[in-house]
Structure formats: C-alpha cells, structure tokens
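The values are calculated or read from the model by the stated rules, or taken from the named source; none is laboratory data. As the structure is a prediction and not an experimental result, all values here were calculated from the model. When we count neighbours, we look across all protein chains shown, and the Cβ atoms used for this are built from the backbone with ideal geometry, even at glycine.
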Amino acid sequence: MRWPSIDKMGTVVKGSNTIQLIGAIGSPYTRKMLSLLRYRRIPHKITWGQPELVIPTLGLELPKPVLLPTFILPDEDGELEVATDSTPLIRRLEAISPDRSVLPADPALAFIDYLLEDFADEWVTKYMFHYRWHFQADIGNAATLLPLHFRVNLPFEQHEQMKEMIPERQISRLYVVGSNDVTAPVIDASYRRFLQAMEAHLQAQPYMLGNRPGAADFAMFGQLTQLVGFDPTPRAIAHQLSPRTVAWTSLMEDLGGLELGADDWNSSDQMPATLRGILTEVGKMYVPTYLPIARLFSRARRVGKWKSMARAGRNRRFLIKRNASSGLKKSIERLKLRIEHVSIVFLQVQGAKPCFSRVRDGAR
Ligand SMILES: N[C@@H](CCC(=O)N[C@@H](CS)C(=O)NCC(=O)O)C(=O)O
C-alpha cells in the first residue's frame, strides 16, 4: 500500500509510502517505535525534535496531549493526521501492512505479549524516570545531553540555561511515577529482579515469546535504551547483573535483517519456564496497580464524568492507563476459556489471578 507523506517543503505528497515521526533519542517510546518500524521494514523518516516546533510548520494540528513520538499518518480517507501513543499505533501499523507482524495470532500468546508490553510501557518506565532524576550523576548526564539531542550546536548560553531548566521540571514530576526517597529502594529492587529474570530468559531464547520479537520486545527495548544506553546508574547495574540484557538492547536496535521462520513464536502449551521469572515481577509489582485504575475508570463512567474529563484533557495518566486497561480487557476477552488452560498457569504462579479477575470485573 502507498500512503501520503510530507516533503521537505511541507507539501503533502500523495502516493509516497514513507511514514514520518517526530521524536527524541532520550525518549523510550520513540526508540520503541523506531526499532519496530525497522524490524517491520516500513519506510519511515524520523525528525529529531519537538512536535510543538515541527507540526505547525506542516500545517497540521498538534495532538492533545503532545507526546514523543508523534506520528504523521494517513487517516481513513488518506488525509494526513497526527497520532500519538505507541500501543494503539502498533495496532494501526499492523492494519497498514500485515507483513512481519509483532502480534502473535495465538490468543494466549497475544495476551502475554500485551501484558508484557504494558508492563514495559507503564512499569519499566518507572525505573527509567526514577534513575534519571534521582541520583546526581544521572541528573548531570541527562541535563547535559538531552538538550544537545535536540540541537547539537546549541549555543553555550542556551545550553547552560537548559541544563538548569530541564532537571527542575523533571525532578518536580518524579511524583508522577511514584519515585521518592521511600520508594527508591522498592523501585531499585524491582529493577534488579527484572534484570535477573531477563538474564535467565535470554539464555533460553532471544525474544519474549520465541524466535521473533513481539510488541512487548519493542516496549522493553525502548525503556532499556535509556536504562542501559544512557543513564549511568542503571547502566552499571545492568552490566553487573545481566550482560545478556545489555547485548540484547544493542541487537534490538535494528532487526530489519532478521529473517523469519514458520514456527518462530513459542507454542502456547510449551512456554519456556524462564518467562515465569518476568511474569512474576509483573504479577508482584504491576498487576496490582490495575485495581485502583479499574475502580477509578468505573467510577468515572458511573458518575458520567468520563467524557468531560477526556475533553478537558485533565489527568493524562488516567487517560493513558484507561486505554491500556481496556486494551487488556479486550485481550482477555479474546482468550475466552483458553485462559484457564494456558495463561493461568503463569498467572497462578505469581498469585496474580485474583487481581486479573477483579480488573476484568472493575473495568466492565
Ligand atoms: N503512552 C505513550 C507515552 C509517550 C510518552 O509519555 N512520551 C514522553 C517522552 S518519552 C513524553 O512525550 N512526555 C512529555 C510530557 O510528559 O510532557 C506512548 O506509548 O507513546
């Protein structure tokens, strides 16, 4: 299929097949999507920059909220529109081009893939944001390099100003991911367990669910580009605990050359035992966070506030989480009875099953 794109002068070119995205090196979701586009061999071009500066020059509306990455894609009529949020974008890209899918066809695998993708996007990102803005060495590193990723020849004075401004803003937002002096050891312990589980799993097979990557691999990779590749404290921990994760993060950057075989996904009745280690962390730390979200979601719907909250664009985390929770619900529904036979084996190990049934009820 061919779709429109935008040329250098900002003119819409019908029939081109290049997807444009705007993102940043220090943005895990940008790296997730870029790697996915490479693996899927979807023609694309990335603009390293801020959507607020780029989108208006193309005569398009800014997305609400503005997030990195921002995609420019054809809508149903083939007209260009701006879109954000990596998880639904991945599903949209599947529809544009079905080759080299990152979504397993088996509903049991699709469920685990979805769960792990969400865990990476919403929990592993806590490690990332926490380490980046908690310790002085990481703060100094990020404050210096992030502005240069937007403009490497930034004049000295402006660089100095941004080195002050960026950490001020980000440190004031640490509460959003729940990072503070009390939770720091909890986040650190979870990161270490996650790395140990990854080390064991990568010894068994190269991707989460077999010999080909799923959406979850790209989501994990996105966060790890920062944890392993950018921030000094989590990088040192990763080198110490999981050299395989360090190597995997380099390999995942470009899987455009990976050739696929017929049976590259794991079979759902023969899952590698090592996946339990990762799912244990999911069940222990992440699944329980769904419960208040699901409750909030049903309460908002009950009192009829959902639409006005969405319109006002307030509580962005809530919007994002609500999407994740309803996607997970759909994925659970697709499983139907098979959940009893396959995935539940994993969930029971973690004691996460009760959480899931409550999420399912709460999100209804
Ligand atoms: N759920 C979104 C999250 C994207 C996101 O949070 N991006 C960050 C940068 S990595 C961002 O744009 N933050 C801007 C802000 O919070 O103001 C996705 O999966 O794409």
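A few comments on the model shown:
- Flag for Thr57 being of a type in the set (S, T, N, Q) and at pLDDT below 95: yes
- Within segment 76-94, at least one residue is hydrophobic (A, V, I, L, M, F, W, C) and more than 16 Å from the chain's Cα centre (by Cα).
- Listed by first and then second residue, the pairs linking a residue in segment 173-195 that is of a type in the set (A, V, I, L, M) to a residue that is exposed (fewer than 12 other Cβ atoms within 10 Å of the Cβ) and in a helix (DSSP H, G or I), with Cβ atoms under 9 Å apart and 6 or more places separating them unless they lie on different chains, are Val176/Arg317; Leu195/Gln240.
- With respect to being free of Cβ contacts under 8 Å to residues at least 60 places away in the same chain and not small (Gly, Ala, Ser), Thr125 falls outside the description.
- Meets criteria (without any contact (Cβ under 8 Å) to a residue 40 or more places away in the chain and either closer than 30 Å to Leu260 by Cα or under 21 Å from the mean Cα position of the chain (by Cα) (or both)) for Tyr207: yes
- Subset of segment 32-63 [of a type outside the set (Ser, Thr, Tyr), more than 9 Å from the ligand (Cβ to nearest atom) and closer than 24 Å to Arg100 by Cα]: Leu34, Leu36, Leu37, Arg38, Arg40, Arg41, Ile42, Pro43, His44, Lys45, Ile46
- Leu109 meets the conditions (1) hydrophobic (A, V, I, L, M, F, W, C); (2) more than 18 Å from Val176 (Cβ to Cβ); (3) within 15 Å of the ligand (Cβ to nearest atom) in every case but one. The failed one is (3).
- Any hit, segment 35-51, residues being under 30 Å from Gly277 (Cα atoms), without any contact (Cβ under 8 Å) to a residue 60 or more places away in the chain and touching a strand residue (DSSP E or B) at 6+ places or on another chain (Cβ under 6 Å): yes
- Scoring Gln240 on the criteria (1) assigned to a helix (DSSP H, G or I); (2) buried (at least 19 other Cβ atoms within 10 Å of the Cβ) leaves a single failure, condition (2).
- Within segment 83-99, the residues that satisfy the criterion of being more than 12 Å from the ligand (Cβ to nearest atom) and either small (Gly, Ala, Ser) or buried (at least 20 other Cβ atoms within 10 Å of the Cβ) (or both) are Leu93, Ala95, Ser97.
- For the condition within 20 Å of the chain's Cα centre (by Cα) and buried (at least 18 other Cβ atoms within 10 Å of the Cβ), Ile19 qualifies.
Residue-wise test of (1) within 15 Å of the ligand (Cβ to nearest atom); (2) modelled with pLDDT of 95 or more; (3) out of contact with any helix residue (DSSP H, G or I) (no Cβ under 7 Å at 6 or more places or on another chain).
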position: Phe129; (1), (2), (3): yes, yes, no
position: Arg132; (1), (2), (3): yes, yes, no
position: Asp138; (1), (2), (3): no, yes, no
position: Ile171; (1), (2), (3): yes, yes, no
position: Leu202; (1), (2), (3): no, yes, no
position: Pro206; (1), (2), (3): no, yes, yes
position: Leu209; (1), (2), (3): no, yes, no
position: Phe221; (1), (2), (3): yes, yes, no
position: Thr225; (1), (2), (3): yes, yes, no
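Results for (1) under 22 Å from the mean Cα position of the chain (by Cα); (2) of a type in the set (Lys, Arg), shown as yes or no for each residue.
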site: Leu148; (1), (2): no, no
site: Glu157; (1), (2): no, no
site: Glu160; (1), (2): no, no
site: Met165; (1), (2): no, no
site: Arg173; (1), (2): yes, yes
site: Val176; (1), (2): yes, no
site: Val182; (1), (2): no, no
site: Ile187; (1), (2): yes, no
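- In the condition set (1) surrounded by fewer than 18 Cβ atoms within 10 Å (Cβ to Cβ); (2) away from the ligand (no atom under 16 Å from the Cβ), Val66 is compliant with all but (2).
Yes/no matrix, rows are residues, columns are (1) without any contact (Cβ under 8 Å) to a residue 24 or more places away in the chain; (2) closer than 30 Å to Pro232 by Cβ:
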| position | (1), (2) |
| --- | --- |
| Gly59 | no, no |
| Pro63 | yes, no |
| Pro69 | no, yes |
| Ala83 | yes, no |
| Ser86 | no, yes |
| Pro104 | no, no |
| Leu116 | no, yes |
| Tyr131 | no, yes |
| His149 | no, yes |
